[in-house]
Amino acid sequence: MTLLAAAPTAPVDVDGAVLDLERLEPTIGARVHGVDLARATDAQVRAIRAALAEYKVLFFAGQHDLHPDGQVALGRRLGEVTESHPVVPGVDEGHPEIYALDSSTGGFADVWHTDVTFVRRPPLGSVLRAVVLPPTGGDTQWADLELAYRSLSEPVQRLADQLVAVHDGTREFGYYLAQREERTKWEGEEFRALVPVAHPVVRVHPETGRKGLFVNPGFVSHIEGVSDAESRHLLDLFYAHITKPEHVVRHRWSVGDVAMWDNRSTVHYANRDYGDQRRVMHRITLRGDAPVGPAAR
Ligand SMILES: O=C(O)CCC(=O)C(=O)O
Ligand SMILES: [Fe+2]
């Protein structure tokens, strides 16, 4: 009998800093050991940023010193921090960049989604900190959109390559926009309406050049230029495929955990299985660019 090798625990030298990464699944997820995110060196931050595209989701345990200020400061070292969200204001006056998901005020994310894809330039990545956790449950799962594309049959890959999807934030955030008088800003401008945007179904990752199946049930309303029935069936096929267990990494949270993901190559889902218990998560997002499809390359 051949024993399968254990998941490699490899010290990875990226850009001069040695990052101790423990791969969790073959193509998605790694635990990063030995980094204190509140006091990371510049070389460590560069290495983390480089590892993000490769591992897609990074997990850091025991980050008890990373308070809200520190989370925003870390984001500024990793890239450009966006406002909290196009229509949801920051957690408090002092932190307009922090988006809080609090179960006690209806903050849930139990639909597979990629963050904020209903704007022209969706965030490059997100950094999420566990603040209050239920005694059990409330895990988060991420699926690998690049693996999902690669594991489609070739004819379906070719079909997907040609498709464009419309992303619309109305179902998730329309009510929020309607009930609020004040407008928040996004990319420095007042965000007045949820205007649907079109993105290629297959996104070429700007750093790795790999193709990913860039659709998500949270925000995609339909595929352009096909019938309603075709759109529904295509999207059902893509969603069922993306979320296969083989494509997913799942995280069980402890307070002090931080997860960082590449929003260009993943979708995620926060399990809502903890009843009336409270769960609070703080997120920041990093400014991204407009998705580019295979046709434009
Ligand atoms: O609460 C979570 O685990 C994830 C929430 C979410 O979707 C996000 O922070 O973008
Ligand atoms: Fe999210």
Point to revise | Only Lys, Arg (+1) and Asp, Glu (-1) charged, at Cβ; region 2-289 dipole about Cα centre in debye | key: 260 debye
Point to revise | Phi to ³J(HN,Hα) by Karplus 6.51 cos²θ - 1.76 cosθ + 1.60 over region 285-292, Hz, x for Gly, Pro | key: 10, 9, 4, x, 10, 6, x, 10
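Per DSSP helix of 4 or more residues, -39500 (n - 2.57); summed, then divided by the residues of the chain. What does that give at 222 nm, rounded to the nearest 500?
-6500 deg cm²/dmol
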Review point. What's the extension gain from V255 to V226 if we count 0.36 nm per residue and subtract their Cα-Cα distance?
Key: 5.9 nm
Revision key, fill the gap. Going residue by residue through region 209-224, the Karplus relation 6.51 cos²θ - 1.76 cosθ + 1.60 with θ = phi - 60° gives ³J(HN,Hα) values, rounded to whole Hz and with x marking Gly or Pro, of x, 7, 8, x, 8, 8, 10, 8, x, x, 10, 6, 8, 5, 8, 6
Check your understanding: When only DSSP loop residues count, what chymotrypsin sites (Phe, Trp or Tyr not before Pro) in region 60-136 have their Cβ near at most 14 other Cβ atoms within 10 Å?
Key -> F108
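Pop the C-beta distance of Y274 and R210 into the FRET formula with R0 = 45 Å and round what comes out to the nearest 0.05.
Numbers: r = 35 Å, r/R0 = 0.78.
Result of the calculation: an efficiency of 0.80.
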Review point. Of R283, R39, R250, which has the largest mean-square fluctuation in a 10 Å C-alpha GNM of the chain?
Key: R39
Exercise for review: Work from the charge dipole of the chain (Cβ charges, +1 for Lys and Arg, -1 for Asp and Glu, about the Cα centre) and give the residue of P123, G94, V156 farthest towards its positive end.
Suggested key: V156
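So how do 236-248, 124-136 stack up, highest first, on mean other-Cβ count within 10 Å? Write down the numbers at each step before the final one.
On the way: 236-248: 16.6, 124-136: 19.6.
In descending order of packing, they fall as 124-136, 236-248.
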**Study point:** Convex hull projection area averaged over all views, the chain, Cα basis, nm²
**Key:** 17.2 nm²
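We did not get these values from a lab; they are worked out from the coordinates using the rules stated. Model, not experiment: these values are computed from the prediction. Note that we place each Cβ from the backbone using ideal geometry, even for glycine, and neighbour counts take in every protein chain shown.
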